[in-house]
1. Please give the charge dipole size of chain A, origin at the Cα centre, charges +1 on K and R Cβ atoms and -1 on D and E Cβ atoms. Round to the nearest 20 debye.
2. Taking the Cα centroid of region A:12-87 and of region A:445-513, what is the distance between the two, rounded to the nearest whole Å?
3. Could you state the angle between the C-alpha long axis of helix A:623-638 and the longest principal axis of the C-alpha atoms of chain A, as a value from 0 to 90 degrees rounded to the nearest 10?
4. Fewest first, what order do A:Leu574, A:Leu554 take by the number of other Cβ atoms within 10 Å?
5. Along each principal axis of its Cα atoms, how long is chain A end to end? Whole angstroms, biggest number first, please.
6. Relative to the longest principal axis of the C-alpha atoms of chain A, give the angle of the C-alpha long axis of helix A:348-357, reported between 0 and 90° and rounded to the nearest 10°.
7. On C-alpha positions alone, give me the angle between the axis of helix A:215-225 and the longest principal axis of chain A, in degrees, nearest 10.
8. Across the Cα atoms of region A:591-634, what radius of gyration and what greatest pairwise Cα-Cα distance (Dmax) are found, in Å?
Amino acid sequence: MEFKAYDPKQIEPKWQKIWADTHAFEALDDHTMPKFFGLIEFPYPSGNGLHVGHPRSNTAMDIIARKRRMQGYNVLFPIGWDAFGLPTENYAIKNNVHPAIVTKKNVDHFREQLQKIGFSFDYSREVDTTDPDYYKWTQWIFLKLFEHGMVFRDKTLVNYCPSCKVVLSNEDSQGGKCDICHGDVVQLPKDVWYLRITKYADKLLEGLKSVEYPENIAQQQVNWIGKSTGAFVNFAVKGTDEKLEIYTTRPDTLFGVTFMVMAPEHPMIDKYAERIGNMDAIRAYREECAKKTEFERTQLVKEKTGLRIEGLSGINPLTGKEVPIFISDYVMMGYGTGAIMAVPAHDQRDWEFAKKFGIDIIQVIKGGDIEKEAYTGDGEMINSDFLNGYTNKKDSIERVLEEIEAKGYGRAGVQYKMKDWAFNRQRYWGEPIPLIHCPHCGVVAVPYEELPLRLPDVDDFQPGTDGKSPLAHIESYVNCTCPKCGAAAQRETDTMPQWAGSSWYFLRYCDPHNTEAFASKEALDYWMPVDWYNGGMEHVTRHLLYSRFWHQFLYDIGEVSCPEPYMKRTAQGLILGTDGEKMSKSRGNVVNPDDIIDDIGADAFRLYEMFMGAFDQAIPWSTNGAKGCRKFLDRVWRLQEMLVDSDSYSEKLMATMHETIKKVSLDYEAMKFNTAIAAMMTLVNEMYAIGSVTKAELKTLIQLLNPVAPHITEEMWELNGFGSGMMRSEWPQWDEAAMVKSEIEIAVQVCGKVRGHITIPADMTKEQAEKELAAHEGVQRYLAGKNVVKTIYVPGRLVNFIAK
RNA sequence: GCGGAUAUGGUGGAAUGGCAGACACCGGGGACUUAAAAUCCCCUGCCCACAAGGCGUGCGGGUUCGAGUCCCGCUAUCCGCACCA
């Protein structure tokens, strides 16, 4: 039989069409089957299209999904579009096209690119966050949050990006840089809608114990939530009825307090402005602080600044001693109570401040040299009244809390670094926030039956210079009647942040066309939770926390029946440019998958994406490496020229076949795709060495390879008449017994150094090995004139003679 | 500063405490060819003319019959957080 050369350009479109025409990858309605819900982060359809980094995650999950189908699972492997967002809106403004049109164009381009790679997505369940039928339910969930007191409005300093003209969450403005345009962020006072994610801080921490996340991902979430345990303590303010509340994690050092510090924004300063002697200087200092960028405040200025607040001093509740109060920007208004008790002997920041301002330093824990730096270690308590003599931090904290609580000076408490989620943006291209401001009733929810609250059509998407959303300028949108009292009212004109639509999309996949609910209870009960979610490390602290928060909330109000949305989370490493740098348009190192596929085919592209290195590590792209993978597929194809008509594995390959099945099966599960592929390459090399391959061997090989290279294997399956429906053919089984070899080669070591190799019966015992191998002439040479004092025999691996 | 990761040939990378460098890329040689491409075969960590041997997994110690792997102490790079009281 003559075989044509391997031609992916012919094979790949052929199978992609067959899969689409036969709806091959649509999830089945049969809810009695075991299910598998595999999820990848739905893409933001940017105008740039895909680069070779994007498909890495998809390919990995596609391999798992395809393997699961062959293992008899009902697989849900969906795709959708996270399509709201600034880049689209900015493009729309610049080119004067409606963002919906831009979005549609980009989505079509993305879909086409993905289809060319041959992912087994269920395209019948596509979701699009900008579709009113979708964002109807985003708004619905928001209203549920509102109804349950999880939404509140506050006037605070917010992170504002002057370039994007938009308020950013803390998460979106890390390091004082805008996450979208990377410009400097400034702090502005503004009315902001918040979601009370902090109420779920403990649940978010607790939930991590019931899911399978890798250590580094779980740890990042733990750090982000930033729970600390400590105490709130009230210091009386001398000459007033006021208590100044502070938060500390070290109440055991209360006897070492020599001063207190308030954040520049602390409200008590204004309240007592009249009794503060140096209010002018304080005002000047506050202005100075406000002018500093976040960058200066956190990165550069480690030198402590501040000044004494004259006329205000605190009273240490335990000692009754008076301590001065300072203002300084090393204390943040946004954490704890915005004021601290300073213990310079045992906190380095307080120590630096005390040195600079000549404040007393009282040591209360023995150890270190507090002349040189603060001592933060453990030790015996001194100068601390009833705490003296305690040597264990835990015990002394317990003891002092007892005292504080008994006397009403304060209480034990916890703090989180995580802040509530700033939830509004002054932009057009987002979900309208379904709230109405009524002069009589206050903030009123848009009635559920009026959802979706559609984005009005406008011509001008430009945000106003007044910091308001473009929607604020559309009177027909803004003006409405209050659903409660019927009075003339105004709509909220801000929209939701991009994270909203992605916080629940996996739920919609379960039942994407439902018009009565975001998904039916039955569909949710069957499909949820997501069994395996793969995505990028960059979404670990934001998207992953936000979506867990929404899901936990929906669980608490009885809308979903599992407390955690994702059972297992994994993350891929970045694919870097050939220069080892992150791929970006500006660096000019972007590799386009279309070009690669055109050159070597989608299967070789997929194969290389998975073969290039450890899945969770960042790796530079190498087009030569990719070509090597094409070479491997050519070799697999040409195996057809050495085919022997036999329904069993040949004796020579028996053990290798079973070993390969085992290795590939287990490595896929562990996302060790590179070694799985290496094992298949080894197998193919052996087939070439033997010079022939049986039908059974070929069948197994292409089944193992199918999840990675689906087109070529489907074609070979058909050519060789292996039957219909390769994608649901039974995944190969391995047999441990078949791997056992009668003879094996082991290493012979003398004093731990390898001195040769010997082939022995595989079942040789230690006693036999000691006797027979020591007598072997190759071994004798190294043992000459020495006594063997000990023999270590590791069956199947080595024998080690310890000789003197 | 805190948290996490990484460090192995010219390159990407393999290796339940048990033969370091699997599998590839690059490079070299050979076969086939009028020639080239493709393909097939061989070589390819370093030192050494060869053999024998020695040296080799960022650095310094340790545990062990045996360490890339475990322990202690460093260094470098990357990622995340960061004056979090």
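Since every read-out is calculated from the coordinates, none of them should be taken as a lab result. These numbers were taken from a predicted model, which means no experiment stands behind them. Glycine also receives a Cβ, built like all others from the backbone with ideal geometry; neighbour counts cover every protein chain displayed.
1. That gives a dipole near 1600 debye.
2. Taking the Cα centre of region A:445-513 as reference, the centre of region A:12-87 is 31 Å away.
3. With both axes taken from Cα atoms, the answer is about 40 degrees.
4. Starting with the residue having the fewest Cβ neighbours, the order is A:Leu574, A:Leu554.
5. 99, 85, 49
6. It works out to around 30 degrees.
7. The angle comes out at about 10 degrees.
8. When restricted to Cα atoms, region A:591-634 yields Rg and Dmax of 9.8, 28 Å.
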